[in-house]
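Below is one structure, written out as structure tokens; comments come after it.
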Amino acid sequence: MTSRRRNGLHSMDSTSSNPRPTPPPSAASAGPGPESPSLRPAADGVARLLDAVGDERLGDPTPCPDYAVRELLGHLVGLATAFRDAARKDLGPTTGTDPGARLPLLDDDWRSLLPARLDELAAAWERPEAWQGETRAGGVPLPGAVAGQVALNELLLHGWDLARATGQPYAPDAASLQVSYELLAPADGPARADLFGPPVEVPGSAPLLDRVVGLSGRRPDWRPGD
């Protein structure tokens with residue numbers, strides 16, 4: 001998204017000088033087979049947050065400056081749909097549209113739609129062929145292995161956004177955190193160069209979740225009203 005805060009796939013630009021990121025070092029272990037990370041824990045982690053999001057919270061701020069909770073939920077619906085279709089190699093409008101072209105709209109049936117999309121997303125990336133070959137997301141061509149990692153990272157970070165915005169605990173699984181860290185950590189890697197703005201400095205002794213959040217350009221201590 002062309003956002004004031006560069007935030008994940010939001011800022012991937014198919015017209016940039018590097019529209020097709022080079023796979024990060026961990027992509028070699030993200031191919032088909034038992035080494036592929038599972039998106040199920042991250043997807044389920046987001047789904048568990050939804051019951052506590054009352055209608056009165058939809059206008060609350062989030063760590064993404066352009067998004068209230070309403071837009072964040074709409075973005076989660078969109079990214080779950082896009083990366084589901086990217087895994088299926090079902091390339092079309094859902095995978096070819098820049099998510100930053102406009103603010104996401106939240107469908108009235110989001111309470112049933114979003115959990116269904118999250119489940120479909122996780123299931124799609126359980127297929128070994130999802131991690132093979134080439135695909136597309138947000139209008140950007142990507143190797144399947146990289147797209148799967150980006151999808152997992154988007155889920156993990158936006159789950160943190162939603163949890164922090166709505167005052168809920170959030171504890172992603174260690175394997176998902178490690179995938180996100182390896183995607184974000186290289187200073188000259190594709191995630192640093194193409195997907196995110198400057199990292200927020202976080203002590204090396206901080207929990208891995210805080211370090212991942214900082215690498216994404218977010219403040220780990222963000223609270224509503226900041």
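May I ask you to rank Tyr181, Tyr67, Tyr170 by accessible area, largest first, using a 1.4 Å probe over the protein chains only?
Greatest to least solvent exposure: Tyr181, Tyr170, Tyr67.
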With DNA, RNA and ligands ignored, accessible area of Ser36 (1.4 Å probe; Å², nearest 10) = 30
request  = Please work out the FRET efficiency for the pair Glu129 and Tyr181, using the Cβ-Cβ distance as r and a Förster radius of 25 Å; give the result to the nearest 0.05.
outcome  = 0.40
task = Could you work out how far apart the two model spin labels at Arg223 and Glu35 are, taking each label as a point 7 Å from the Cα in the direction of the beta carbon, and quote it in nm?
result = 4.4
task = Whole number in Å², please: accessible area per residue of the stretch 27-125, 1.4 Å probe, ligands, DNA and RNA not counted.
result = 44
query = What is the distance, in nm, between label points placed 7 Å from the Cα along the Cα-to-Cβ direction at Lys89 and at Leu50?
reply = 2.9
remark   = Residues whose modelled amide H sits under 5 Å from the amide H of Leu142, counting only those 5 or more places away in sequence or on another chain, are Thr135, Arg136, Ala137
query = How much accessible area does His75 have with a 1.4 Å probe, in Å² rounded to the nearest 10?
reply = 10
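The values are calculated or read from the model by the stated rules, or taken from the named source; none is laboratory data. Remember, it's a predicted structure, so these values are computed and weren't measured experimentally. Neighbour counts run over all protein chains shown; Cβ positions are idealised from the backbone, glycine included. The protein model used for the area step is the full one, side chains on, heavy atoms only, and it has no ligands, DNA or RNA in it. Shrake-Rupley method; radii C 1.70, N 1.55, O 1.52, S 1.80 Å.
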